[in-house]
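Every number here is computed from the coordinates shown, using simple stated rules; none is lab data. Please read these numbers as outputs of a predicted model, since none were measured by experiment. Here Cβ is always computed from backbone atoms with ideal geometry, including for glycine, and neighbour counts include all displayed protein chains.
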Amino acid sequence: MERVVVLEGGMGDFLQFIPFCQANRHNFKYVCITHLKGAKGLFDGVGIDLKKLYLYGDDKEKAAIVSGLPQSVQYLRCSRAQYFSGSPFKAEKLLFDNGKPVVGIHVNGSAYSLNTQKQFGMVLKAIPSALIKELKSDSYNLIVFGLRYEIEIMGLNEGDNLKFVTNENPAISLAYVQQCNVVIASDSGIKTMSSMLKIPTLVWLGDYQDIPRDKFFINPYVNDGVMIVFKYQNLDSQFNDGVKLSKEFLKTFL
């Protein structure tokens, strides 16, 4: 019976799957089930050929895909890795050449996760873009990660020490993370990429129970001292506390 490895989830999951996939690129076939529209670009970027890619927009579509998978093969779960030995993505041209340290910032979550959180009345992953304005400084450079429309509504302009990374291909956008000395991010794939590269990472994290999130993407990195977490329940009342911790984080690690 043919054995197929199922790659299911979002960007963070796929990043943790990459080391196994690269080490076993010729040993298995891979099927991907995801809400991430750029999944093909991500796996192409690390040399993994997908036998089949299934995209879903909500949990109902996802359930239909899973129940409709051919039963003539053996499906296997993919093993995860906590760290990369180096970035798996092709390096991009340096955004800064002024010798200053680089801070990566990402304030958004995926559209799928945000819609799910809204549906169930959960604390949202997205954090105010005002954080970027609070952290702008001549002492370091800022790379702001996000889709083009997300960046445009922030009302920010690029400058000598502020650049945007908005490529729709995750493999290209994620490649810029290795240029960062530290990262401040929402609960998103960017923070997983930086953590897997052992880049000091501060995560603004919704204060609610999420066992898979904490088991795979938070606790291991916090325990290793790679990640620091700012937990919030109400961003309106806790925003200033998050800004203060973010500035203390930068002072410590830059």
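Residues in segment 155-187 that are of a type in the set (Ser, Thr, Tyr) and within 19 Å of Thr201 (Cα to Cα) were compared, and the one that is farthest from the chain's Cα centre (by Cα) is Tyr176.
Residue-by-condition table, conditions (1) surrounded by 13 or more Cβ atoms within 10 Å (Cβ to Cβ); (2) not β-branched (Val, Ile, Thr):
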site	(1), (2)
Asn157	no, yes
Ile172	yes, no
Ser188	yes, yes
Leu235	yes, yes
Phe239	yes, yes
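Listed by position, the strands (runs of 3 or more DSSP E) contained in segment 133-247 that have at least 1 residues being in contact with a Phe, Trp or Tyr (Cβ under 9 Å, 6 or more places away or on another chain) and not hydrophobic (A, V, I, L, M, F, W, C) are 141-145, 162-165, 201-206, 227-232. Return the residue satisfying two criteria in turn: it lies in segment 20-63 and is in a loop (DSSP other than H, G, I, E, B) and touching a Gly at 6+ places or on another chain (Cβ under 8 Å), and of such residues it is nearest to Leu147 (Cα to Cα). It comes out as Leu36. Which residues, counting only those in segment 83-104, are among the hydrophobic types (A, V, I, L, M, F, W, C) and touching a strand residue (DSSP E or B) at 6+ places or on another chain (Cβ under 8 Å)? Across segment 83-104, the qualifying residues are Leu95, Phe96, Val102, Val103.
Within segment 86-104, the set of residues being in a loop (DSSP other than H, G, I, E, B) and within 19 Å of Pro170 (Cα to Cα) comprises Gly86, Ser87, Pro88, Phe89, Lys90, Ala91, Glu92, Lys93, Leu94, Leu95.
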